[in-house]
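FYI, it's all coordinate maths here, none of it is from the lab. A quick note: this is a predicted structure, and the numbers were derived from the prediction, not measured. Cβ coordinates were reconstructed from backbone atoms using ideal geometry, including for glycine residues, and neighbour counts include every protein chain displayed.
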Amino acid sequence: MKSITTLLVANRGEIAVRVMRTAREMGLGTVAVHSDADESAPHVRIADRAVRLGPGPVAQSYLRGDRIIQAALDTGAEAIHPGYGLLSENAQFAQAVADAGLIFVGPSPQAIELMGDKALAKRRMLASDVPCIPGYEGDDQGEARFIAAAQEIGYPVMVKAAAGGGGRGMRLVHDADALPGALELASAEAKNAFGSSDLILEKAITAPRHVEVQVFGDAHGNTIYLGERDCSVQRRHQKIIEEAPCPVMTPELRAAMGEAAVNAARAVDYRGAGTVEFLLDAAGEFYFLEMNTRLQVEHPVTEFITGLDLVALQLRVAQGEPLGIEQSEVSLTGHAMEVRLYAEDPARGFLPRTGSVLRWAPATGEGVRVDAGIATGDEVSPFYDSMLAKVIAYGSDRDESRRRLVRALEDTALFGVTSNRDFLIDALRQPGFADGSATTAFIDEAYGAAGYQAPALTFQVQAVAAVVQYCLAQGRALRETVSVSAELLDWSSDGNSTAVREYAHPDGNLIVRVTPGEPAHTYFVSVGEDVLEIAVRSKEAEAMTLVVAGEAVRVCYLEESPQVLHLAVGGESHCLVDVSGGAASEESAAGDGLIRAPMHGLLLNISVAEGDSVKRGDKLAVLEAMKMQHEILADVAGTVSELAAAENAQIGADELILRIDPA
């Protein structure tokens, strides 16, 4: 097989960036492909060359296998790495790549096709003595046959799409009355997602662990396993926390699961990286779930504990080289955990969110790795999966890994688009996860029927925000003055340099006062009778370390405007809006009539029209941002002369909404 000198990565986001990183370390040239929506995305910027595929929707860009293959031929790439998702498990694409004389970095089309069909895969596994969940995977797709099969298996049962995964086309059925409706819904969903309406039935294993085994095969008859990963913490059957090794694994169980995974791979003459997924019950029995014929999202935790670069192994195997490592040489050291950082709202049922990445500052530190596909200034579009990055931490044992991961998330700033960062921190701190007992029922057990609730905007958070904004205002004053010492910034000739802010709050706005104290850089923050002492220990670029009530707290922030502050403190993310404008008095100076958005958000409505007369303080529009609605008020009296924005449209910070000609 010919060697690879240039690699085209047929994917986007963090996995494209991650594959290119290893390719460059191996001295290979890299080619990116992109949609119009990703024209300036990180994976495009780091590649040696980039080729446009088409418009934003995946059907017109990243799923156009013909254009991807032509891009490889045009740029001289000998190989195509599919990443995960998109075309990575498309047997027709893998075959087309081979037919074009190119190397597909993955298994054979035959292995992809067989393992991609849950029914065919399960039959092959049963024939290869791989433990399988009792179920039905026959050709007869009639409702009557499924009803009879469910009766034989025993309720509860799981209805699954035969041709797909990721939770789509999947329904848990507790009794016979619910089965016909579940079959109808799952079949329609499967047809829409995977092009096939075929279903299978399986006995539902209640509250199992989701444990997967990383396997690798080459063209020389070598097949090994590289330990296991526990991926039990999921929402809507999508993994969000993964770790290696599994907390309840024993050497005997690992050997048995590893042998079963290797048998599964050998049954389809598997080459390259693959993952055999199992359900592990409380009694220690495990059952084949499916095989993912690609690199997994969670592969970094395996890389940490084995010391291997799985992408480098993929590329060597794809060139026809032997693995170069035997099973006896595989050793597992320490513990690693990974979380998936999504643009979504956990407090609203994990609904995906879109918007601007106003600031992205990933954590750094010992044992911390961040694989990201975003950068400050990017737009999170509705066209693609909502995963933005993966944060991974390694430690000598499980608890050190977990604690490092919590700290890494606390030190990660993602402002603008709503994310699950706070939820991940909370989940990692839950006793049911910290003690290693989490199963696939973890989220329901930890958060109950009400689900995860976003942290409330407390007095302490508002006090921290007020001090941060006070210091930022000081910095602006110092830059704008001549020959004024920084030591004098807290001094006032009348002895009163208190700053007043009024923060918008769903339960009623609060007036927050900041008064400098002694020693220097110490402030007393008050809301009514409540007073909190806060000292500034250190300042960095868009980060501070404060001492709040005697405890050191690291704060990441972004000042979107003098009135809008994004804050990440103590595992919580907040956006605070100063509706007073930050002035020390209640009366603020008249504006210029240029009404701009105070922050990025959705402009829900505009309540005036061109030619309308308005008074200062009249409501002009409503902006929805950070889960709150903000009224936009007139800063002068006059006549509306221009409407520059439209209702129900996203608008950026400082963008013009309308213009008022002062009276």
Quiz item: Which value results when the Cα radius of gyration for region 6-105 is divided by 2.2 N^0.38 Å?
Solution: 0.94
Quiz item: Counting only residues 5 or more places away or on other chains, whose amide H sits under 5 Å from the amide H of Gly355 once H atoms are built in the peptide plane?
Solution: Val380
Quiz prompt | For region 209-447, alpha-carbon Rg over 2.2 N^0.38 Å | solution = 1.02
Exercise. Return the loop-located GluC sites (Glu not before Pro) in region 302-390 (DSSP other than H, G, I, E, B) with at most 12 other Cβ atoms within 10 Å of their own Cβ; answer none if there are none.
Key: Glu326, Glu366
Quiz item: Can you sort Lys203, Lys239, Lys619 by how many other beta carbons sit within 10 Å, fewest first?
Solution: Lys619, Lys203, Lys239
Exercise. Return a single number: how many Lys pairs in the chain, at a sequence separation of 8 or more or on separate chains, have alpha-carbon atoms below 30 angstrom apart.
Key: 23
Quiz item: What is the order of Leu388, Leu510, fewest Cβ neighbours within 10 Å to most?
Solution: Leu510, Leu388
Quiz item: If you average the sequence gap of Cα pairs under 8 Å that are 6 or more apart and divide by the length of region 6-105, what percent do you get for the contact order?
Solution: 29
Practice problem: Would you kindly work out the equivalent ellipsoid of region 136-203 from its C-alpha gyration tensor and give its semi-axes, the square roots of five times the eigenvalues, largest first in whole Å? | Solution: 18, 12, 10
Self-check item: region 262-331: Rg to Rh, with Rh as the Kirkwood radius over Cα pairs
Solution: 0.98
Practice problem: Just round it to a whole percent: the fraction of Cα-Cα distances in region 459-577 exceeding 21 Å. | Solution: 35
Quiz item: For region 509-663, what is Rg from Cα atoms divided by 2.2 N^0.38 Å, rounded to two decimals?
Solution: 1.23
Quiz prompt | Over the chain: helical MRE at 222 nm, DSSP H runs n ≥ 4 each giving -39500 (n - 2.57), nearest 500 | solution = -7500 deg cm²/dmol
Quiz prompt | Values of log10 I(q)/I(0), in the order q = 0.14, 0.19, 0.22 Å⁻¹, for region 72-171 under a Debye, Cα-only, solvent-free model | solution = -0.67, -0.98, -1.16
Quiz prompt | q = 0.06, 0.07 Å⁻¹, the chain: log10 I(q)/I(0) [Debye, one scatterer per Cα] | solution = -0.41, -0.54
Quiz item: Two-decimal Rg/Rh of region 594-662 from alpha-carbon positions, Kirkwood Rh?
Solution: 0.94
